[in-house]
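Written below as structure tokens is the structure these notes are about.
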Amino acid sequence: MQTILTSILSQIKNLSPVLFKKTHLSSFFSAQARTLADAELSTLFDDLFTFNAYLGRIEGYPSFEKIPFWEYSVCLEWSESHMMFGTAFDLTLKNAKRFLGSIKKYFDYLASMGKLADSMELDTAIKTICGGKKLKLIKDIPYTGTETYTEIFKGGIGIRFDMADYWLLILQATLFDQDWTKLLEAAFGVSGARVKKVKSLQERMTQAGFENLNDIAYNDVTVSDADHAKTWFYGSSLKRVGKNS
């Protein structure tokens, strides 16, 4: 009869890890299986599997230590709309404590093995997000526009959309009546870089079989999102911006 641990170890073998190492994961779960009940072990794996899936859609972090505290907040929001584990990833304080606690448990294990220098950013995230009586997601996020918003796979090929693409789609929907021509004309009035970005977005939207913002956004657009999109598009300095996704 297959045990929960055997099933988890089998899944780890087929996992495509991002920053995680299969050997570390296997030894970690083997150690945890000595003290955790099957249900707890399964939940722990679901949490780390989800974190790995999220890491697969973002770029630029060479190690766990370099993941900034605000990224964990975005991860929680992304997980709610992408991971179908019942209510496990609903945005509640209880779920956030469990999810971030699972990552913390793994980081502590790595630290005990001398494989992780520190977990300061995660600790900051836990204190900021889960330190009160209510869930407090982080809204002031230093996006530049180059970060990955999402990636769609068509025929085995990944089609990447960054934050600037998301902002352009917001503008197309809110200012330009879903009209690509109007958006492109506005871009000509701003800069060649904006024109190039709009054309590139059009090509990738067609490739993905998408038409507008509704096809790609996985959360409602906030007033703040729309304001930041205008700031980026029209060339004002972009400092700290937030996204509810």
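Read the figures in this text as sums done on the coordinates, not as results from a lab. From a predicted model like this one, the values you see are computed outputs, not experimental measurements. Glycine also receives a Cβ, built like all others from the backbone with ideal geometry; neighbour counts cover every protein chain displayed.
Here is how the numbers come out for the structure above:
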quantity	calculated
Segment 4-130: C-alpha gyration tensor shape, a/c 1.5 cut-off, then a/b vs b/c	rounded
Residues with amide H under 5 Å from that of ILE141, placed H, sequence gap 5 or more	VAL241, GLY242, LYS243
Sum of -39500 (n - 2.57) over DSSP H runs of 4+, divided by residues of the chain (222 nm, nearest 500)	-17500 deg cm²/dmol
Within straight-line cross-link reach of LYS13, lysines at Cα separation under 20 Å, skipping those fewer than 8 residues along the same chain	LYS21, LYS22
Overall form of the chain per C-alpha gyration tensor (a/c, 1.5; a/b vs b/c)	prolate
Magnitude of the charge dipole, segment 148-233, Cβ model with Lys/Arg +1 and Asp/Glu -1, debye to 20	380
Signed unit charges on C-beta, dipole axis of the chain, positive-most listed residue CYS130, LEU116, TYR234	LEU116
Under-5 Å amide H pairs with GLN178, H placed in peptide plane, nonlocal only	ALA173
Between segment 41-113 and segment 154-193, the alpha-carbon center distance in angstrom	30
Charge dipole (debye, nearest 20) of the chain; +1 at Cβ of Lys and Arg, -1 at Cβ of Asp and Glu	540
Dipole magnitude of segment 4-130 about its Cα centre (Cβ charges: Lys, Arg +1; Asp, Glu -1), debye to nearest 20	340
Computed lengthening from ASP38 to LYS139, 0.36 nm per intervening residue step minus Cα-Cα distance	32.8 nm
Cα-projected label distance for ALA31 with ILE157, points at 7 Å along beta-carbon direction, nm	4.4
Selected from ALA37, ILE157, VAL221, residue furthest toward positive end of dipole (the chain; charges at beta carbon)	ALA37
Nonlocal Lys pairs with alpha-carbon distance under 16 Å, segment 75-150 (8 or more apart, or different chains)	16
